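Structure, as structure tokens:
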Amino acid sequence: MADVEKSNAAPVSSPASAPTGSSEKSALSDHDSPVRTSETKEDVVAVRERILAQQELQKTEPPPHHDLDQIATQPSVYDDPEVAQYFQPTQKYENLHRFDPSARWTWREELPLINKLDWRITTWACIAFFALDLDRGNLSQANTDDFLENLNMTTNDLNLGNTVFRLSFLCAELPSQLISKKIGPDRWIPTIMCLWSVVAASQFWLSGRSSFLATRALLGMLQGGFIPDVILYLSYFFKGSELPFRLALFWTSLRVTDIVAPILAFGLLRLRGVHGYEGWRWLFLLEGLLTLSVGIWSWFTMAASPTQTRTWYNKKGWFNEREEVIMVNRVLRDDPSKGDMHNRQAVDFKLLWKSLKDYDLWPMYIIGLTFQLPAGPPDTYLTLILRGLGFGTFDSNLLSIPTNVIGAFTMLILTYFSEVWNERTFLAIAGQIWLLPCLVALLVLPDGVPAWSRFALVTVLLSWPSPHAMQVGWCSRNSNTVRTRTVSAALYNMFVQLGGIVHANIYRTDDRPNYRRGNKQLTAICVMNIAVYLIAKGYYMWRNKTREREWDAMTKEEQLRYMETTKDSGSKRKDFRFAH
């Protein structure tokens, strides 16, 4: 293991503008790195972002099942003392006592540690997401048990409730992230889980439209910050290159919920008549109590950080000292800003405004707004559509399972090939092309079509390969900076939620039962989406060609000088090319 003490990677070269050794306080008032006070905050930020952009080119990957004793330590900004001074963790960093720029380790040490993290962290995240989706999605199962009729409500009331929920969900995302960063995800996430579970269970006592809308608003407010809060929490333990797969598992658990929920509903709705209450009331109560147990469990499962796993009920903690050193330094070498607490704030309004002004990311936000509109209303109304076709309460719930099983596979296949082929736009268009003939068929089919034929058509439609997971990665890649990726991902998700508000109001009561007017609108939107994707691809291709001309017009010396001195950051760098 003597070789472990030596890095196998060349150190990062010092930037031309980097100052040499001074122990004076940094111009970044919240940071403790010893750079010259003559440099402005903007100068220091520009140097840091330039170094990080260059660092992206030097990442390494684990060997394929051999050479496990090879050095796993990533080359990083900490390999050069003149560069490292810009990236020293703040004194407030909770893992500072395990920070060691000279630490080295092998793949034999790192890979089992990643597996342990997956067991402790990723598994919890998937179970918690299951709890979230169970409580926010069981309204679909309640609809099969005469929920609307029992409360004297209409389809329009249901639309309004979904709109209120999504609007509250959207508005809660940023405030929840700020609170989570202030008090810690390990405290905030279990808190909101327990609170929304109580609200979800209290739907047992719904009495009409007003109480329905009130609980929808409360659920949206309490659940809205969960997804970005969990992503922030995962980032404490995993490198940036490891997060996409964990997030894919995270979102796959949503499909698992959509498979398990109808099975649970199949049993719980049979409680109709117990103590004189409807089955949907028992559904809300018992599933709310189930998610409350997950929330309470989360209090004892979540750790504040890799080095804060010891508690009164687990005095040994999860990791030994060597494992904590590896965890802390592997994450900081991948993303040094994780040691700078104010820079790790999930979303601040300055970064939000900066990201909003970045017009090169607007095609991604527009896509997030519109891409799922054609499938949204049929998905939301699936159980009601099945009831309208003559299927019973229990059959309607069970018949919703195939779409989720097939949809999970098609989403994973599309996401996989997007990376294999390095293509996103045409694969996303393929999803819209999948939807288009199904929507046209729903629009023109006569009323007398057998129920099973219409069910088969809706099943094919909702089994479409959703590009959502692929587009989250696409948006992240086109952001091109560690600082803005969290913000752009949050903005993208906010536009997705806005799209949900739109599609919650397309199917209307006066359009029942076949929703022909709504399907005509969905067909038009589907065609529009194909055009939106093509325009986005054309825009990014044009931007890349413009950059190529500017870059090729430079001499090699000018290119090197630009990379060493530019204050351009993120997607504004001339040497950056947009993915499409």
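The values are calculated or read from the model by the stated rules, or taken from the named source; none is laboratory data. Quick caveat: nothing in here was measured; it's all calculated off a predicted structure. Cβ sites come from the backbone with ideal geometry, for glycine too, and all protein chains shown count toward neighbours. SASA here: full protein model, heavy atoms, side chains in, ligands and nucleic acids out. Shrake-Rupley method; radii C 1.70, N 1.55, O 1.52, S 1.80 Å.
Details
- Cubic angstrom per residue, convex hull over Cα atoms of segment 155-194: 53
- Solvent-accessible area per residue for segment 263-342 (1.4 angstrom probe, square angstrom): 44
- Measuring nothing but protein heavy atoms, the accessible surface of segment 159-244 at 1.4 Å probe radius is 72 percent carbon and sulfur.
- Computed magnitude of the charge dipole of segment 117-247 (debye, nearest 20; Cβ of K, R +1, Cβ of D, E -1): 500
- Positive-end residue of L213, P228, W282, charge dipole of segment 207-335 with Cβ unit charges: W282
- Segment 299-457 - percent of accessible surface contributed by carbon and sulfur, probe 1.4 Å: 68
- Heavy atoms of the protein chains alone define the surface here; on that basis segment 441-580 has 44 Å² accessible area per residue at 1.4 Å probe size.
- Around the Cα centre of segment 69-149, unit charges on the Cβ atoms of Lys, Arg, Asp and Glu (plus for the first two, minus for the last two) sum to a dipole of about 380 debye.
- Separation of the S241 and I296 label points, Cα + 7 Å toward Cβ, nm: 4.3
- One decimal place: the segment L445-M541 gains 30.6 nm when fully extended, by the rule 0.36 nm per residue minus the C-alpha distance.
- Efficiency of FRET from Cβ geometry, R270 and W362, R₀ 51 Å, rounded to 0.05: 0.55
- Rounded to the nearest 20, the Cβ-based charge dipole of segment 209-337 about its Cα centre (Lys and Arg +1, Asp and Glu -1) stands at 280 debye.
- Taking amide H atoms as placed 1.01 Å from N in the peptide plane, the amide H of T106 lies under 5 Å from those of A72, each 5 or more residues away in sequence or on another chain.
- With all pairs of separate Cα atoms included, segment 437-513 yields a Kirkwood hydrodynamic radius of 15.6 Å.
- Solvent-accessible area per residue in segment 87-212 equals 37 Å², computed with a 1.4 angstrom probe and all protein chains kept.
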